[in-house]
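Here is the structure we will look at, set down as structure tokens.
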Amino acid sequence: MGENRKKLTSEELFAFSDEMGMMISSGVSSIQAITMMLDESAGGEEKELLTEMEQVVAESGSLSKAIDKSGVFPDYFVEMANMGETTGKMDTVLKNLAAHYSREMAISNAIRSAVTYPLMMVAMMLVIIIVLVTEIMPVFNRVFKQLGGTMDGLSAGFLTVGSFMKSNWIILLIILLALVVYMLLLNKTNWGKSRRLNMLYKSRRFKSIHSKIATSRFASAMAMTLSSGMDVMQALDVSGRIVDAPDFEVKVEKCKDSFAESMDIGKAFSLSGIFGGLYGKMAILGAKTGNMENVLEKVASTYQEEADEEINDLIAVVEPTLVIILSVIVGIILLSVMLPLLNIMSGMI
């Protein structure tokens with residue numbers, strides 16, 4: 001069951017947990033809630049999934065078992081559902097999961113918007129440059145020959161590049177496809193994600209942004225798990241997996257060791273380096289006052305806002321820099337042709 005299905009996205013997980021949590025908190029049973037969602041489904045894989053889940057819930061009376069057997073929910077989602085069903089807090093757990101995935105969607109959208117526009121701009125400018133050297137430069141070369149001149153220097157170099165690209169376009173297309181496959185591997189596989197992080201971590205700015213996003217996810221996950229009734233050590237395990245950042249796992253392990261010694265989660269957060277400075281003090285105060293969940297939510301929101309600000313600052317630098325660099329390249333290509341052409345024409349007058 002669910003063996004060939006892909007895992008649900010953050011958007012799908014948010015929609016499921018939000019809708020299911022709302023219905024269960026309103027007094028609707030799990031089987032009724034699944035049936036209502038099935039009636040509203042658009043069909044296809046969604047309807048097939050809900051039909052199978054409805055069958056499991058009808059047979060076993062367990063929503064968490066249906067979530068587990070579907071094979072499309074992350075392991076920590078299954079753990080949270082099991083805990084919610086065991087403690088009788090399924091509605092609270094689902095609402096907390098919905099809040100968590102809402103933040104995940106906000107982070108993903110911020111990253112996507114930060115990357116999409118610069119990439120589109122680079123792609124458009126590269127197309128313009130390719131058209132210039134492969135189509136426009138040969139036209140200018142014919143004009144030069146008609147006027148009794150020749151293209152030399154920089155303009156001749158651009159003409160050679162254009163001729164090479166036109167005669168070897170199949171090879172260049174294969175290289176481009178290989179780059180696309182490589183980029184997909186960087187985004188879709190565990191090996192690729194690890195390699196991408198290693199490359200990005202060479203930049204202090206990217207390292208800072210990634211660290212803030214990871215900390216925001218961890219704080220959000222801890223608030224979700226603790227408010228749902230999970231014990232601290234189990235919450236640390238689940239939250240560490242949700243973050244899915246190798247460097248952060250080291251801090252989580254230190255936090256576990258520190259908590260095992262002191263039984264003070266606020267102090268453990270601070271000593272492990274998960275939360276530093278003011279946030280570490282807030283965590284210690286939250287543990288003392290019994291208000292840790294609210295403190296963690298505040299910390300998660302603050303780190304997310306700081307990450308958004310750094311992303312926006314980076315965009316503010318990258319976009320004009322790309323425009324300047326690519327515009328200069330286009331300008332050089334045109335000037336390498338226009339200036340010699342003007343000299344020839346002025347000599348004819």
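The values are calculated or read from the model by the stated rules, or taken from the named source; none is laboratory data. Only a predicted model underlies this, so the values are computations on that prediction, with no experimental measurement involved. Note: ideal-geometry Cβ built from the backbone for every residue, glycine included; neighbour counts use all protein chains shown.
Give the residue that is nearest to ALA316 (Cα to Cα), with candidates limited to residues of segment 136-155 that are without any contact (Cβ under 8 Å) to a residue 12 or more places away in the chain and of a type in the set (D, E, K, R). It comes out as ARG142.
Give just the number: which of (1) at pLDDT below 80; (2) in contact with a helix residue (DSSP H, G or I) (Cβ under 8 Å, 6 or more places away or on another chain) does LEU296 not satisfy? Exception for LEU296: condition (1). Checked against the criteria, ALA114 does not count as within 30 Å of ILE311 (Cβ to Cβ), of a type outside the set (Phe, Trp, Tyr), at pLDDT 80 or above and not assigned by TED's automatic domain parsing to the domain that holds VAL328.
Restricted to helices (runs of 4 or more DSSP H) entirely inside segment 1-75, those with at least 3 residues that are in contact (Cβ under 8 Å) with a residue 24 or more places away in the chain and over 23 Å from MET105 (Cα atoms) are 30-40, 44-60, 63-70.
Considering segment 282-337, and only residues there that are in contact (Cβ under 8 Å) with a residue 40 or more places away in the chain and charged (D, E, K, R), the residue that is farthest from LYS267 (Cα to Cα) turns out to be GLU319.
Residue check: is GLY286 assigned by TED's automatic domain parsing to the domain that holds VAL243 and modelled with pLDDT of 80 or more? Here the answer is yes, as GLY286 does meet what is asked.
Each residue in segment 109-163 was checked for being crowded, with 17+ Cβ neighbours inside 10 Å and either touching a strand residue (DSSP E or B) at 6+ places or on another chain (Cβ under 8 Å) or among the aromatic types (Phe, Trp, Tyr) (or both), and 3 of them qualify. Name every residue in segment 76-90 that is closer than 17 Å to LEU226 by Cβ and either in contact (Cβ under 8 Å) with a residue 24 or more places away in the chain or in contact with an Asp or Glu (Cβ under 8 Å, 6 or more places away or on another chain) (or both), in order of residue number. Across segment 76-90, the qualifying residues are TYR76, PHE77, GLU79, MET80, ALA81, ASN82, MET83, GLY84, THR87, LYS89, MET90.
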